[in-house]
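Chemist: Here it is, the structure in full.
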Amino acid sequence: MNPFTELDGLVAPLDRANVDTDAIIPKQFLKSIKRSGFGPNAFDEWRYLDVGQPGQDNRQRPLNPDFVLNQARYQGAQILLTRDNFGCGSSREHAPWALEDYGFRVLIGPSFADIFFNNSFKNGLLPIKLDAAEVDELFRQCEASEGYRLKVDLAAQTITRPDGQSIAFDIDPFRKECLLNGWDDIGLTLRHADKIHAFEDRRRAEHPYYYS
Amino acid sequence: MQAQTLYEKLWSSHVVHQEADGTALIYIDRHLVHEVTSPQAFEGLKLAGRKPWRIGSIVATADHNTPTDHWDLGIQDPVSRQQVETLDANIREVGSLAYFPFKDARQGIVHVIGPENGATLPGMTVVCGDSHTSTHGAFGCLAHGIGTSEVEHVLATQCLLQKKSKTLLIKVDGQLGRGVTAKDVVLAIIGKIGTAGGTGYAMEFGGSAIRALSMEGRMTICNMAIEAGARAGLVGVDETTIEYLKDRPFSPRGEQWEQAADYWRSLHSDEGAEFDKVVELRAEDILPQVTWGTSPEMVTTVDGRVPDPAAVTDPVRREGIERALKYMGLAANTPITDIPVDQVFIGSCTNSRIEDLREAAAVAKGRTKAASVKRVLVVPGSGLVKRQAEAEGLHEVFLAAGFEWREPGCSMCLAMNADRLEPGERCASTSNRNFEGRQGAGGRTHLVSPAMAAAAAVTGHFTDVRTLA
Ligand code: SF4
């Protein structure tokens, strides 16, 4: 996994609640057996006017001018502002893969769905929860000024606005360490292989019926 | 000893290691695998030169991409076929406790085959790269969906990194009215607490109305815990649970059965156990439900109307409703029973078990599909369900009513195979998600119970099933 430390990035607003992972990456693209290449189909049904199919040349497809991420001012955005319950629904990790492949590294919103939140960290994508009022203000500022950028500093756990105001955010210490260092979870867990073996031996003795 | 919730019992019996900030390594007993979320995990494992930790924990099937008719022709879509063949190859290479491939007699939706084969047992931790893994919590086990990175993590380490959830008890006391099913109960719960109401919680369902449900009904309810934001749904073990599991293919036998059943009887929340939050509903207040929007919380009763956004003050909510009505092609204040349907889908891991099919057949019996309804798909959850239904003659009821009787799979729940809605088509569906495009780009989904779906099929519009004597 790529480490995440700091980012000074362009911000885009996605002003709707309950954005589900079916919307982030529709099912026809889940047939891929790869982890990469989902970016051009992120938000496919909102982003294009036609119905997307795997294997198309997406550059040839008609864009939906009403979809916010298609606006010229948000091209190259790396930070996405979201509303409540972003990433709800299906557990598909293709959703963070698509967002990351699209170019996003940070998501800021009042709440995220659990599985999506978890999946994001595994892919170097940082979801940040802030108070609804703080998020409202970011939406307001972002929509009011073209080229709106935020600075995100993971080590310091701060977001800095263009007006100089700094906003602190919370993150689990363990997740923070992993993200800062780009650690591979599996490698970390396997350091405890002896403990896992011991647990398993005990469980097998106490509850043999889970092992037959 | 202090009174414990079921969740606390399950959690504490699986902690292998704990970090200073509370992140714990949780041992996983059962790993269910399907073709869509596993290929990248198997590939990652191979690239890192790692082997699966415990092959005996793996139970796999192909369900999302498989066709539901013309099995003789195989899988026509080459991309789908490649995904299913990739699973075949991966399981062949690494091994498993059981694999139910495409066309196997016991193939089916992963959340149907686990329980019916006794591969899901009380007291286990159960994971799958699929959010509806919450279904299995109906058996008093800790079950939840995981992402593909976590699938790889479980394959490699038999563990997951987790933080303990808060606990939420949904208590439904009383007696459900005639024509009101588990699906209506869970839709009513989601309507009450919202799609994020359970976020961060393990959601236990209790109360006399839940106790009175069959295992099928409990699975329907736990299945949709994720639709209320909770990764895990739970129901405590009782004699209904134990009775269901007796003599299933992977259930323990003989002395081990006695030993297991003794332990399982302790798997319920203790009297006086404290939950972080409690929500109560009265069973008598719950009526047949129909969703009208693009999120499962956008739901009302069959005697209700489509809401009027003009009456909503919160701007984010109002815009959400306006957008949903536009997508759904519905006018504010329309009575639910005035909404016509183009297709009906009876199936999915929410409602494709034998009891669901019986409920739908009871309504379809002696009636026929309304002429205005283009298609009614009945898709059993597994090969075993299909054969049981055929032994009971349910398929004949469906066929006589002009419904289609298909092979098992996920089908039009997410339309990864050929079963899907055309843009603008409206569907009464027994599945779990009414998101935009879920059943086909531009398709419009209304979530209902199997009985309500059958009622819509025979009348051509939403109909209170209780009025069909
Ligand atoms: S039936 Fe639907 S919700 Fe269930 S596993 Fe299949 S696609 Fe997912």
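Since every read-out is calculated from the coordinates, none of them should be taken as a lab result. What you see is a predicted model, and the numbers here were worked out from it, not measured in a lab. Here Cβ is always computed from backbone atoms with ideal geometry, including for glycine, and neighbour counts include all displayed protein chains.
Chemist: For B:VAL33, which sequence-distant residues (separation of 5 or more, or a different chain) have an amide H within less than 5 Å of its own amide H, given hydrogens modelled in the peptide plane?
Modeler: Sorted by chain and number, the residues that satisfy this are B:VAL59, B:ALA60, B:THR61.
Chemist: Let me ask something else. As a footprinting exposure proxy, order B:VAL458, B:VAL36 by other Cβ within 10 Å, with the fewest listed first.
Modeler: B:VAL458, B:VAL36
Chemist: Of the residues A:ASP194, A:ASP185, A:ASP131, which exhibits the maximal mean-square fluctuation in a Gaussian network model of chain A defined by a 10 Å Cα contact cut-off?
Modeler: Sorting by GNM fluctuation, first place goes to A:ASP194.
Chemist: Then there's this: Please tell me the relative contact order of chain B in percent, rounded to the nearest whole number, where contacts are Cα pairs under 8 Å and at least six residues apart. Numbers along the way, then the final one.
Modeler: On the way: 1138 pairs, mean separation 79.5, N = 469.
Reported as a whole number, the value is 17 percent.
Chemist: Work out the length of the dipole vector of region B:289-463 about its Cα centre, built from +1 on the beta-carbon of each Lys and Arg and -1 on the beta-carbon of each Asp and Glu, and round it to the nearest 20 debye.
Modeler: It comes to approximately 160 debye.
Chemist: Something else about it: Count charges around B:PRO408 for me, please; just the other residues with Cβ under 15 Å from its Cβ, Lys/Arg as +1, Asp/Glu as -1.
Modeler: Result for the neighbourhood of B:PRO408: -4.
Chemist: Further question: Name the residues whose placed amide hydrogens come within less than 5 Å of the amide hydrogen of B:HIS268, ignoring near sequence neighbours (fewer than 5 apart) on the same chain.
Modeler: Long-range HN contacts for B:HIS268: B:VAL237.
Chemist: Mind sorting B:TRP53, A:TRP97, B:TRP292 by how few other Cβ atoms lie within 10 Å of their own Cβ, fewest first?
Modeler: On the way: B:TRP53 19, A:TRP97 29, B:TRP292 24.
Neighbour counts put them in this order, fewest first: B:TRP53, B:TRP292, A:TRP97.
Chemist: Could you tell me what a quarter of the Cα convex hull surface of chain B works out to, in nm² with one decimal place?
Modeler: 22.6 nm²
Chemist: Continuing with the same structure: Cα gyration tensor of region B:289-463, axes a ≥ b ≥ c as square roots of the eigenvalues: rounded (a/c below 1.5), prolate (a/b > b/c) or oblate?
Modeler: Details: a/c = 2.21, a/b = 1.81, b/c = 1.22.
Here region B:289-463 falls in the prolate category.
Chemist: Among DSSP bridges having both ends in the protein assembly as shown, what percentage is antiparallel? Round to the nearest 5.
Modeler: Expressed as a percentage, antiparallel bridges in the protein assembly as shown total about 30.
Chemist: In debye, nearest 20, what is the charge dipole magnitude of chain B about its Cα centre with +1 on Lys and Arg Cβ and -1 on Asp and Glu Cβ, if you could check?
Modeler: Numbers: 47 positive and 58 negative charges, 88 e Å.
Dipole size: approximately 420 debye.
Chemist: Using modelled amide H (1.01 Å from N, peptide plane; none on Pro or chain starts), what sits under 5 Å from the amide H of B:LYS163, excluding residues fewer than 5 places away?
Modeler: Under 5 Å from the amide H of B:LYS163 lie the amide H atoms of B:ALA24, each far enough along the sequence or on another chain.
Chemist: Please compute the contact order of region A:114-189 in relative form: average sequence separation of alpha-carbon pairs under 8 Å and at least six residues apart, divided by the residue count, as a percent.
Modeler: For region A:114-189, the relative contact order is 23 percent.
Chemist: Same structure again: In the protein assembly as shown, if the dipole is taken from +1 on Lys/Arg beta carbons and -1 on Asp/Glu beta carbons about the Cα centre, which of A:HIS197, A:VAL106, B:ASN65 is farthest to the positive end?
Modeler: B:ASN65
Chemist: Would you look at the GNM of chain A, springs on alpha carbons closer than 10 Å, and say which of A:LYS122, A:LYS195, A:LYS31 moves the most?
Modeler: Looking only at A:LYS122, A:LYS195, A:LYS31, the biggest GNM fluctuation is shown by A:LYS195.
Chemist: For a quick check of your reading of the filter: which GluC sites (Glu not before Pro) in region B:320-375 sit in a DSSP loop and have no more than 11 other Cβ atoms within 10 Å?
Modeler: Answer in residue order: no site qualifies.
Chemist: Only helical DSSP H runs with n ≥ 4 go in: add -39500 (n - 2.57) per run for the protein assembly as shown, normalise by residue count and round the 222 nm mean residue ellipticity to 500 deg cm²/dmol. Don't jump to the answer; show the numbers that get you there.
Modeler: Working: 23 runs with 211 residues, N = 681.
Rounded to the nearest 500, the figure is -9000 deg cm²/dmol.
Chemist: If R0 is 45 Å, what FRET efficiency do you get for A:ALA155 and B:GLU85 from their C-beta distance, rounded to 0.05?
Modeler: It comes to 0.50.
Chemist: Dipole magnitude of region B:1-135 about its Cα centre, charges +1 at Lys/Arg Cβ and -1 at Asp/Glu Cβ only, in debye to the nearest 20?
Modeler: Using only the charged Cβ atoms, the result is roughly 440 debye.
Chemist: Taking a point 7 angstrom from the Cα of B:GLU274 along the C-beta vector, which residues in region B:1-22 have backbone N less than 19 Å away?
Modeler: B:1-12
Chemist: Same structure again: Please give the net charge around B:GLY347, taking every other residue with its beta carbon less than 15 angstrom from that of B:GLY347, where Lys and Arg add +1 and Asp and Glu add -1. Write down the numbers at each step before the final one.
Modeler: Details: positive: B:LYS183, B:ARG353, B:ARG358, B:ARG375, B:LYS386, B:ARG406, B:ARG420, B:ARG433, B:ARG438; negative: B:ASP63, B:ASP69, B:GLU216, B:GLU355, B:ASP356, B:GLU359, B:GLU404, B:GLU407, B:ASP419.
Net of charged neighbours comes to 0.
Chemist: Work through the residues other than A:PHE121 whose Cβ is under 13 Å from its Cβ and net out their charges, Lys, Arg +1 and Asp, Glu -1.
Modeler: In short, -2.
Chemist: Place a point 7 Å from the Cα of B:ALA3 along the Cα-to-Cβ direction; which residues of region B:268-308 have their backbone N under 16 Å from it?
Modeler: In region B:268-308, the label zone of B:ALA3 (backbone N under 16 Å from the point 7 Å along Cα→Cβ) covers B:268-279.
Chemist: Considering the options B:HIS34, B:CYS128, B:PRO252, tell which one lies farthest towards the positive end of the dipole of the protein assembly as shown, charges being +1 on Lys and Arg and -1 on Asp and Glu at the Cβ, about the Cα centre.
Modeler: Ranked along the dipole, the leading option is B:HIS34.
Chemist: Among DSSP bridges having both ends in chain B, what percentage is antiparallel? Round to the nearest 5.
Modeler: Details: 13 of 54 bridges.
Around 25 percent antiparallel, to the nearest 5.
Chemist: Report, in whole Å, the centroid distance computed from the Cα atoms of region B:91-154 and region B:443-468.
Modeler: 31 Å
Chemist: Among B:THR445, B:SER429, B:PRO380, whose Cα sits farthest toward the positive end of the charge dipole of region B:289-463 (+1 at Cβ of Lys/Arg, -1 at Cβ of Asp/Glu, about the Cα centre)?
Modeler: After comparing all options, I get B:PRO380.
Chemist: If you average 1/r across every pair of different Cα atoms in region B:1-120 and take the reciprocal, what Kirkwood value do you get, in Å?
Modeler: After inverting the pairwise mean of 1/r, the radius is 16.5 Å.
Chemist: Using Cα pairs under 8 angstrom and six or more residues apart, how large is the relative contact order of region A:1-90, in percent?
Modeler: Working: 114 pairs, mean separation 44.7, N = 90.
Result for region A:1-90 is 50 percent.
Chemist: Looking at the square roots a ≥ b ≥ c of the eigenvalues of the Cα gyration tensor of chain A, which shape do they give, rounded for a/c under 1.5, prolate if a/b is larger than b/c, or oblate? Walk me through the numbers before you get to the answer.
Modeler: Working: a/c = 2.30, a/b = 1.40, b/c = 1.64.
Oblate is the answer for chain A, as a/c is 1.5 or above yet b/c matches or exceeds a/b.
Chemist: Straight distance only, please: which lysines reach the Cα of A:LYS122 with their own Cα at less than 27 Å, same-chain residues fewer than 8 apart left out?
Modeler: A:LYS122 reaches A:LYS27, A:LYS31, A:LYS34, A:LYS151, A:LYS176, A:LYS195, B:LYS46, B:LYS51, B:LYS163, B:LYS164, B:LYS166.
Chemist: What is the distance in Å between the Cα centroid of region B:5-34 and that of region B:189-246?
Modeler: Each part's Cα centre sits 19 Å from the other's.
Chemist: For the protein assembly as shown, rounded, prolate or oblate, judged on the Cα gyration tensor with a ≥ b ≥ c (square roots of eigenvalues), a/c < 1.5 rounded, else prolate if a/b > b/c?
Modeler: Taking the square roots of the gyration eigenvalues as a ≥ b ≥ c, the protein assembly as shown is rounded.
Chemist: Under 10 Å, Cα contacts only: if you run a Gaussian network model on chain A, which one of A:GLY187, A:GLY147, A:GLY87 comes out with the highest mean-square fluctuation?
Modeler: Largest GNM mean-square fluctuation: A:GLY187.
Chemist: DSSP beta bridges in region B:289-463, what fraction antiparallel, as a percent rounded to 5? Walk me through the numbers before you get to the answer.
Modeler: On the way: 5 of 18 bridges.
Roughly 30 percent of the beta bridges in region B:289-463 run antiparallel, per DSSP.
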